[in-house]
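*Asks:* Pasting a structure below so you can have a look.
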């Protein structure tokens, strides 16, 4: 058992439910119930409990970005003029649809963003016309991903 907080303990059944849903969020409740030896209704109740304790925060489909023509993924480190500008910069970055993730970081950059574009030309345009023109961004450093080798969630 693992205590999440003083009001909630994650047990073997909860972990099995989470692993099944992390593998495929469309797994039927009855199938999960069969895996752990409890009824579908019991699984449904546990799912509600996991949602109430914010261990589950929704479900979603993953889109195959290659099929949509997105071939260039890059990680862009933003050097900020002042850390105090962070909120304003994040506001502007959130308006750029090619930015998929944004992290406030330690180290050489104040912010690290993940950008996905159709090709390198589009990436260059996003960098020069959208990201580097944001007030408070001193400079950027870009790393293009050649291939994603591992993609997973945390172990449960």
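The numbers here are math on the coordinates, done by the rules we state, and not lab data. Given the structure is predicted, the values throughout are model-derived calculations rather than measurements. Cβ sites come from the backbone with ideal geometry, for glycine too, and all protein chains shown count toward neighbours.
*Asks:* Considering each of 140, 72 in turn, give the residue that is closer than 30 Å to residue 26 by Cα and touching a helix residue (DSSP H, G or I) at 6+ places or on another chain (Cβ under 8 Å).
*Replies:* So the residue among 140, 72 that is closer than 30 Å to residue 26 by Cα and touching a helix residue (DSSP H, G or I) at 6+ places or on another chain (Cβ under 8 Å) is 72.
*Asks:* Filter the stretch 130-148 for residues that are closer than 17 Å to residue 80 by Cβ, part of a strand (DSSP E or B) and within 24 Å of the chain's Cα centre (by Cα) and give the result.
*Replies:* Matches in the stretch 130-148: 137, 140, 141, 142.
*Asks:* Against the conditions (1) under 25 Å from the mean Cα position of the chain (by Cα); (2) over 14 Å from residue 156 (Cβ atoms), where does residue 7 fall short? Just the number, please.
*Replies:* Checking residue 7 against (1) under 25 Å from the mean Cα position of the chain (by Cα); (2) over 14 Å from residue 156 (Cβ atoms), the one that fails is (1).
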